[in-house]
Structure formats: structure tokens, C-alpha cells
Amino acid sequence: MAALTEYGDELIERAQIHDDSKFGPEERTPYIWLTEYHRCRRAGERFDYPDGIEEQVQCAFTTTSTSNGSITQVSRRSNDMSDVDLIEMVCDWTAMAQSFGEQGGALDCARADKAVGNRLA
């Protein structure tokens, strides 16, 4: 996306630090558990967080959300997001789809339409 838009430099800069906080002590372990939750859910397996872990996951997600403008739960409305936030969000969703093997790694267009609407049209 950096090569295809006028925001290339900013997108590359953001990409270099995008998930840095997830390697810190407040987020690393909770995100490992969150990944396992999603793996089990997709495999149709039962999953229960150990005591206290679900709360840590929520705290970690809140920390990530407040430090990333591309997290839609923070901005809630695409009109409140910058173009770079939207592009980063779509790239993040695509990477998640690839990591979970969803639709061959393709972005869920219905989800994107709902979040972004005609903002990038």
C-alpha cells in the first residue's frame, strides 16, 4: 500500500512500530492467550481462559486500542479516522485474515464496507 498511495512514507514508518507494544510486558502474554482463543474458536474447540487472563486480555486490547489510530473500536466511525488510519486498518485486517487462513487471506469485504463505507471510494 505504501507504493500505491501518497502516504507511503507514513505507512512505512507506522508499519515499523505497529505492533511494538504487543511485545511489552502488559500485552505479550495476554495476546498469546487471545491468539489461542481465536485458534480454538476457529477450530470449533472449547476454550476457557485461565483465572484472571480474560481481564488481562481486555486490558491489553485497551492499551493497543489507545495507541493505534487504526483500531476501529477507538475511532468507532470511519469519518473520524485519517486516510492513513483507514489504510493501516485494512492492511491489519488482511494480515489477520492471512494468519488465520480466512478466505485464502483475502480481506472480508463486507466487514470493510461496514467500517469504511464510501470513505475511500
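The values are calculated or read from the model by the stated rules, or taken from the named source; none is laboratory data. Just so you know, these numbers come straight off a predicted model, no measurement behind them. Please note: Cβ atoms are built from the backbone with ideal geometry, for glycine as well, and neighbour counts cover all protein chains shown. Just the protein is used for accessible areas: all its heavy atoms, side chains included, with ligands, DNA and RNA removed. Shrake-Rupley method; radii C 1.70, N 1.55, O 1.52, S 1.80 Å.
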Residues (open to solvent by less than 50 Å² (accessible area, probe 1.4 Å) and over 16 Å from residue 92 (Cβ atoms)) located in the stretch 1-11: 8
Could you please give the count of residues in the stretch 31-52 that are over 21 Å from residue 99 (Cβ atoms) and either under 20 Å from the mean Cα position of the chain (by Cα) or not small (Gly, Ala, Ser) (or both)? 4
Could you run through the stretch 12-38 and say how many residues are among the charged types (D, E, K, R), open to solvent by 70 Å² or more (accessible area, probe 1.4 Å) and free of Cβ contacts under 8 Å to residues at least 24 places away in the same chain? 3
